[in-house]
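What follows draws every value from the coordinates through simple rules; no lab data is involved. Note that the structure is a prediction, hence the values are computed from the model and not measured. Here the Cβ positions follow ideal geometry from the backbone for every residue, glycine too, while neighbour counts run over all protein chains shown.
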Amino acid sequence: MKKISFEKRLRLRLQVNIACMILSAILFAIVLWNKDFAFLQPMYSASLFGLFFASLALFIRNKKLKMDPEKMRTMELLETDERNVLIIRVSYTIFTYVSFGILYISMLISGFFSTTVFYTLETLLCANLVLVLFIRKMVEKIY
């Protein structure tokens, strides 16, 4: 199993946090200043503010973690502990199956009300299944 050092993983997280903050600011500017998207402003404003501030909070947390070697070592032990890794993997697996089930049931129920929503959910379900298959094959090749 290839291992990425915790410091590299932390650096990658910081870069992703910065990218999410930049993306949310750009999308917010597009929605705010384009009059064609006026109907999207309330929904996108809340979502993009949430993304920005969540990324900012995680950035600050990860930056503080990077500055304190003792806390960084503690967090590394928590993340690499075999029991915790197994719990996370099982949780993600269960979540995947449950979310597919909920999406499938939602798709079936939505067919009674709107064919557009039905086909949208069906496409989303198919895309998720293909994505899971692709990720599984990719992970099998890596490990």
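With (1) within 30 Å of ALA127 (Cβ to Cβ); (2) surrounded by 12 or more Cβ atoms within 10 Å (Cβ to Cβ); (3) not polar (S, T, N, Q) as the list, and ARG11 as the residue in question, which single condition is left unmet?
Against the list (1) within 30 Å of ALA127 (Cβ to Cβ); (2) surrounded by 12 or more Cβ atoms within 10 Å (Cβ to Cβ); (3) not polar (S, T, N, Q), ARG11 comes up short only on (1).
Mind checking which pairs have a first residue in region 18-47 that is on the phi < 0 side of the Ramachandran plot and a second that is among the aromatic types (Phe, Trp, Tyr), Cβ under 6 Å, 6 or more apart or different chains?
MET21/PHE52; SER24/PHE52; VAL31/PHE37; VAL31/TYR44
Does LEU12 satisfy the condition of being free of Cβ contacts under 8 Å to residues at least 24 places away in the same chain and closer than 30 Å to MET72 by Cβ? Steps first, answer last, please.
Values: free of Cβ contacts under 8 Å to residues at least 24 places away in the same chain: yes; closer than 30 Å to MET72 by Cβ: yes.
Spelling it out, LEU12 is indeed free of Cβ contacts under 8 Å to residues at least 24 places away in the same chain and closer than 30 Å to MET72 by Cβ.
Among the residues of region 69-78, is any surrounded by 11 or more Cβ atoms within 10 Å (Cβ to Cβ), part of a helix (DSSP H, G or I) and under 16 Å from the mean Cα position of the chain (by Cα)?
no
Can you list residue pairs whose Cβ atoms sit under 9 Å apart, with the first residue in region 77-96 being closer than 18 Å to GLU7 by Cα and the second being in a helix (DSSP H, G or I) and of a type in the set (Phe, Trp, Tyr)? Count only pairs 6 or more apart in sequence or on different chains.
From region 77-96, the pairs are GLU79/PHE6; THR80/PHE6.
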